[in-house]
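Student: Supplied in structure tokens, the structure appears directly below.
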Amino acid sequence: MPSFDGYSEEEWRRIKDVVGMLGLDADAARVGHSRTLLFDALEGLAARYQLDYYIDQWKLPPKRAVKELGDTLAEIKKVQRRLNILGRVGSYAPAQAIVASKALSEFVSASALRPRLDAAREAGSGSRFNAGKPQRRSYLIALHKIWSELVRQSQRKLKSERKLQAAFLLACAAPGFAADAAVIKHFLDSQRQ
């Protein structure tokens with residue numbers, strides 16, 4: 001599993017070269033609402049997503065997670081239906097049944113069962129190594145937003161922006177996620193749709 005310990009001088013130089021093609025100084029460029037230096041923003045982003053990716057490697061394989069999360073949500077819905085029926089038919093404790101049903105809804109919301117199920121479905125494969133795919137995609141989307149902000153700051157007309165963007169994403173993502181040109185191309189193709 002690759003680890004991210006910060007950009008090396010060589011990796012940062014590659015990023016600077018691509019950003020320089022936009023006519024911007026990567027050492028002085030600032031991004032985001034808080035106007036964070038580009039270097040700090042990229043390192044913080046990579047460290048955060050690398051941690052998420054690492055944690056997901058030790059979770060259930062995606063297919064098993066889909067089954068278990070799906071089964072859990074189905075059971076909760078059954079219990080909620082029964083509680084709602086009890087609350088409507090005038091049982092000895094209708095108010096408690098309604099309160100219990102609402103508590104289950106809050107539990108589902110607080111534990112993020114639905115987003116976790118969706119992420120496991122997105123990962124798709126039975127392999128635990130694919131569990132990090134949603135995090136890698138989220139990371140690339142965050143890098144894409146930073147790139148878009150840098151392009152807006154640039155005063156240059158770009159002939160091959162997609163090629164530059166691919167170089168930027170590859171330079172930023174490769175150290176932490178062992179990303180290669182095929183992964184970046186697939187991501188950029190998916191962004192066009």
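The values are calculated or read from the model by the stated rules, or taken from the named source; none is laboratory data. Keep in mind it's a predicted model, so treat the numbers as computed, not measured. Reconstructed Cβ throughout: ideal geometry from the backbone, glycine too, with neighbour counts over all protein chains shown.
Student: State yes or no: is Ile55 of a type in the set (Val, Ile, Thr), more than 30 Å from Arg156 (Cβ to Cβ) and modelled with pLDDT of 75 or more?
Tutor: Values: of a type in the set (Val, Ile, Thr): yes; more than 30 Å from Arg156 (Cβ to Cβ): yes; modelled with pLDDT of 75 or more: no.
Considered against the rule, which asks whether it is of a type in the set (Val, Ile, Thr), more than 30 Å from Arg156 (Cβ to Cβ) and modelled with pLDDT of 75 or more, Ile55 comes out as no.
Student: Is there a residue being modelled with pLDDT of 75 or more, within 22 Å of Lys185 (Cα to Cα) and in contact with a helix residue (DSSP H, G or I) (Cβ under 7 Å, 6 or more places away or on another chain) anywhere in the stretch 124-136? So that I can check it myself, show each step before the final result.
Tutor: Step one: filter the stretch 124-136 for residues modelled with pLDDT of 75 or more, giving 136.
Cutting the leftovers down to within 22 Å of Lys185 (Cα to Cα) gives us 136.
Next, from what is left, pick out any that are in contact with a helix residue (DSSP H, G or I) (Cβ under 7 Å, 6 or more places away or on another chain): 136.
Yes, the stretch 124-136 has at least one match.
Student: Please specify each residue of the stretch 77-101 satisfying the condition of being at pLDDT 80 or above and exposed (fewer than 14 other Cβ atoms within 10 Å of the Cβ).
Tutor: Hits for the stretch 77-101 are Lys77, Lys78, Val79, Arg81, Arg82.
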